[in-house]
Every structure is written in C-alpha cells, then in structure tokens.
1. If I ask for residues that are open to solvent by 10 Å² or more (accessible area, probe 1.4 Å) and within 10 Å of another protein chain (Cβ to nearest Cβ), which ones from segment B:142-152 would you list?
2. Name the single residue that is surrounded by the fewest Cβ atoms within 10 Å (Cβ to Cβ) among those in segment A:144-171 being out of contact with any helix residue (DSSP H, G or I) (no Cβ under 8 Å at 6 or more places or on another chain) and at the interface with chain B (Cβ under 9 Å from one of its Cβ atoms).
3. Looking at (1) at pLDDT 95 or above; (2) within 14 Å of another protein chain (Cβ to nearest Cβ), which is the only condition B:K44 fails?
4. When you scan segment B:85-96, do you find a residue that is open to solvent by 30 Å² or more (accessible area, probe 1.4 Å), over 30 Å from B:F10 (Cβ atoms) and either in a helix (DSSP H, G or I) or more than 9 Å from chain A (Cβ to nearest Cβ) (or both), even just one?
5. Whether any residue in segment B:126-141 is of a type outside the set (D, E, K, R), under 18 Å from B:H31 (Cβ atoms) and surrounded by fewer than 19 Cβ atoms within 10 Å (Cβ to Cβ) is what I want to check.
6. Looking at segment A:31-50, I want the residues that are under 18 Å from A:L96 (Cα atoms) and of a type in the set (F, W, Y) and have a partner that is in a helix (DSSP H, G or I) and modelled with pLDDT of 95 or more with Cβ atoms under 7 Å, at least 6 apart or on another chain. Which pairs are those?
7. Kindly evaluate A:H91 against the criterion of being touching a strand residue (DSSP E or B) at 6+ places or on another chain (Cβ under 9 Å) and over 29 Å from B:K107 (Cβ atoms).
8. Within segment A:135-171, how many residues turn out to be of a type outside the set (K, R) and in a loop (DSSP other than H, G, I, E, B)?
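The values are calculated or read from the model by the stated rules, or taken from the named source; none is laboratory data. All values reported here derive from a predicted model rather than from experimental measurement. Don't worry about glycine lacking a Cβ; one is built from the backbone with ideal geometry, like all the others, and counts go over all protein chains shown. Quick note on the areas: whole protein, heavy atoms, side chains included, nothing else; ligands and nucleic acids left out. Shrake-Rupley method; radii C 1.70, N 1.55, O 1.52, S 1.80 Å.
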Amino acid sequence: MASERGEKQETCHGKVPLTRSKLDLVLLLLRLLAFLATLSAMVVMALNKQTKTIVVATIGTVPIRATLTAKFQHTPAFVFFVIANGNASLHNLLMLVVGFMGPKWNFKGLAHLAIPVLDLMNVAIVSGGASAAAFMGQLGRDGNSHARWNKICDKFDSFCDQGGGAMIASFVGLMLMTVICSVSIIRLRNHNGNKIILDSSVVVP
Amino acid sequence: MSLSKRIPIFLLRLLALGATVSATLVMITSHDSAQLFNMKFEAKYTNSPTFKYFVLMNAIASGYTLILLFFSSKSSYGHLILILDLVMALLLDSSISACLAIGQVGKNGNSHAGWLPICGQVPKFCDHVTGALVAGFVAAIVYFLILLYSLHNVMNLFFLKT
C-alpha cells in the first residue's frame, strides 16, 4: 500500500523496512515528553508528605505537642491523581516501545484503531485526575468559610507546594497528550483513507 | 448526508442537551439552610468555586449543543465541530470529576484536615447536588459518544469491510 508523508515501505518476506518521516520523530518526541511529565507528576505527588509538630496546649509550663502528618493518601482526589497519571505514563511508555519497535511488527487493521482509542481514553482519565486534584488543592489553600473548613496550606506549606508542582506537571502532560491524541486520530485517516486495510501495514503510534 | 446517518447523532445531541440543561438548572436551584446551635449553615452552589465551574461548563455545553442542533451537519464544518466536540467532552469530564471530589469531602468529611461533613446539616442541598452531578455524569458520557460519532462522520473511520 502506498502511503503519503514520505513513508516508504517495501514488502519483503517478513521485515518491512521503513524510513521515518519527520512527523513520526516529532510525535515520538512529544510522547517522550508526555511520558516524562506524567511520570514526574505521579512520583512527585506520591512522595508528598509533611510532618509538623504543633503545640496544642500548655499545662503549667509544659507544652503539649501533637504531631500531625499530611499525606497524599488522606485525600481520595490525590489518590486518583496518582493512579491516573501512573496509568497515563504506562500507556505513553508502551506507545514509545511500539513506536520504536513498530516496523518489525505487522499488525492487522484493527490494531491501528486501538492506539487512538487508547490515547483518547487516557486523555480523559488524566483530565479527570488533574482537575479533581486542582480543585481539591484550591480547597486546601483557601478553605471554605461557608462549610467551616479551615485552610491547611498555611500550616503545611511544603505539602501544598509539592502538590502544586505535581499538578503543573500533570497539566503539561495533559496538553501534550491532547495534541498527540489529535495527531494520531488524523494519521488514522491518512493511513486508511476510506476503508480499513485488513492486511499488514506499518503502524506508528 | 443521508437521513439514516443524521438521526442517531441528532438524538444523541438532543439527549446531551437535556442532560446539560438539567444539570445546570438543578445545580442553580440547590439551596438549603440549617440552624445548628449558634451556627447558621446556608448552603448554595456559589459557596464553592467547583460548583460554579460545573454550572459554567454545563451552561457552555448546553448552549453549544443547542446551536449545533439547528445546524445541519454540513461536511465543510465537520473538522471544526470535531475539535469543539473534543474540547467540550474534556471540559465536561473535568468538571464532573472535580465536583465528585468536592462532593465526596462534603459527604464524608476529611478527618485528617479537620473538615466535618456537611451533608448531615443540609440534606436537601446534598440531594439536590447529587441529582445535578448524576445529570452531569450522563452529559459527559453522552458527549463522549457524540465525539465518537463525530469522528466516524468526519473521517469515515469505522468501515470494516474488505
């Protein structure tokens, strides 16, 4: 099958050699950046912990101290954030592997559809996780006077800063993954034209 | 575009319009107040930026769906509609996810942060917000289906014939 965009393909017995076009390299680079962004978001949030000793009362001259810990597991939104970014980084890693080793494998037609569909699913999951964590962080930073919920960021400032950094990394990863998803959907049309080719052709995620 | 192709997406958009409009209206009309000892709890949707974001996103999505219902799906605008559908689906998805996170804190509290649950004090508000979130969830799912249909219509992707 003759494809456009400078991809050359010769069918021999077995291997299909391929010269990558510039778009493939750019896409792989974007996937690498998205993988790094989601991985760093997951790791930074998973290591988010701060312990603080606060004086709660004073009996005579002896101050009574209580040790309070802020961990990411205390908030289900942050747990979902870690899981969502872990899922997305695993997906990006697998797509990177398929992208580098792709020319050696021959896929039938339906596998071409799996990559954009998985991309779309992971974009949705990451967007859900990032926005839930962002609004939870806003609640922790500002509190909610109507519900009598005190803010916690004035006491646990490094916890809040680290969480904010993880959220920024996740939003960067989300934007990159949206671009990658759109490009892979457009490439699907270019590969297939108006019908799905059910024989082998090269897949580049 | 043939009629048999246009009817499913028209029905889906109608369903999405119903879901987003109902989510917006139910959230806007949620209001409750309670008196507890010397504290007065007054619960409205404007108390939380998350619920305001939810109302805004669903209002934008319902306006967009309303405009598209009267728009016959001309193929010249298909790509623009596809991009806007993707953006709308992601925005609805993020708004429902954030509201569920905040709603979970409101229902169960967070003992580590010293946040008490408020659903015991204002049960009518909690039920109203739950209804709005259900409608918002349905809207997000229907929008993803609309996105898949838009992809199919624009790019002719899903023909499986040899």
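1. B:F144, B:L148, B:L151 - these are the residues of segment B:142-152 that are open to solvent by 10 Å² or more (accessible area, probe 1.4 Å) and within 10 Å of another protein chain (Cβ to nearest Cβ).
2. So, considering only residues that are out of contact with any helix residue (DSSP H, G or I) (no Cβ under 8 Å at 6 or more places or on another chain) and at the interface with chain B (Cβ under 9 Å from one of its Cβ atoms), the one surrounded by the fewest Cβ atoms within 10 Å (Cβ to Cβ) is A:S145.
3. Result: B:K44 passes all but (1).
4. No - not one qualifying residue is present in segment B:85-96.
5. Checking segment B:126-141: at least one residue is of a type outside the set (D, E, K, R), under 18 Å from B:H31 (Cβ atoms) and surrounded by fewer than 19 Cβ atoms within 10 Å (Cβ to Cβ).
6. Once the first residue is under 18 Å from A:L96 (Cα atoms) and of a type in the set (F, W, Y) and sits in segment A:31-50, its partners that are in a helix (DSSP H, G or I) and modelled with pLDDT of 95 or more give A:F35/A:S89; A:F35/A:N92; A:F35/A:L93.
7. no
8. Number of matching residues: 6.
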